[in-house]
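Visitor: Structure incoming, see below.
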Amino acid sequence: MYNEQIENLINLALADGELSEKEKQILFKKAEAAGIDLDEFEMVLDAKLFEKQQTIKAAAPSVAAPKSDKFGDVKKCPGCGAIAQSFQTKCPDCSHEFSNIGANVSITKLFEMLNACENERKEENVSIGGAIGGFLANSYGLGGGDKVTEKKRSIISGFPVPNTKEDIIEFLSLALPNAKVKISMWTETGPERKSKEAIRDAWKAKCEQIIMKAKFSMKEDKKTLEEIMSYAKELGIK
């Protein structure tokens, strides 16, 4: 709808299903500079935020809400009580490091959901004729293979962006092998190859989303940002 730069900024700002005041100000400033009607822009932004929150909600399992340190749309520092914007890893007032705050959905739960999808694929292959059905499903896309791949892509893309440095580093370390998986052009062809490429690209896109969000919001924590950028280098993300 808007130019590529503004669309990318919107996607990065909404990656975690939240929109801080700082992010909002930057988006409105860019929109105004591009000559976009701000009332219209606000309406579109609210719609995109709602859509993202619904995607995250649909992908997340139904679990009891953990004890939260949130105060409205921001965090309260346990050290001094100051308000810190979402995704900050240090208190801007007292430099207290935010730790031991779990992400909305743990990385372990993400892999459990993906494994459940893979089990669903196996069950569908069996349901259309055992080994022969599995062969046909893999070779010709029968038995729900494309559906399972799309479901896995949706789970990965809708996974909430971690908001503490421990969760960010953990996610990137576990996601990296999946985002760099090698696919042989000689032995892997057809639907199987397309499925692997789609999942690999989904992991890489999620890593890029997290890395770009960190670059945007973690400038005060140079040590953590340096570690995150080492993952970016491995993935070829600038």
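The values are calculated or read from the model by the stated rules, or taken from the named source; none is laboratory data. Given the structure is predicted, the values throughout are model-derived calculations rather than measurements. When we count neighbours, we look across all protein chains shown, and the Cβ atoms used for this are built from the backbone with ideal geometry, even at glycine.
Visitor: Taking segment 163-208, which residues are in a helix (DSSP H, G or I) and of a type in the set (S, T, N, Q)?
Guide: If the condition is that a residue be in a helix (DSSP H, G or I) and of a type in the set (S, T, N, Q), then SER173, ASN178, SER195 are the ones that fit.
Visitor: Taking the stated definitions as given, is SER195 of a type in the set (S, T, N, Q) and under 19 Å from ASP167 (Cβ atoms)? Write out each step before concluding.
Guide: On the way: of a type in the set (S, T, N, Q): yes; under 19 Å from ASP167 (Cβ atoms): no.
No; evaluated as a whole, the condition is false for this residue.
Visitor: Would you pick out the residues in segment 15-49 that are within 19 Å of MET212 (Cα to Cα) and of a type in the set (Val, Ile, Thr)?
Guide: Scanning segment 15-49 gives a single hit, ILE26.
Visitor: A follow-up question, please. Check segment 178-193 and report whether any residue there is buried (at least 18 other Cβ atoms within 10 Å of the Cβ) and among the hydrophobic types (A, V, I, L, M, F, W, C).
Guide: Among the residues of segment 178-193, at least one is buried (at least 18 other Cβ atoms within 10 Å of the Cβ) and among the hydrophobic types (A, V, I, L, M, F, W, C), which makes the answer yes.
Visitor: Which numbered condition in (1) over 19 Å from ILE156 (Cβ atoms); (2) modelled with pLDDT under 85; (3) among the β-branched types (Val, Ile, Thr) is the only one that ILE56 fails?
Guide: (1)
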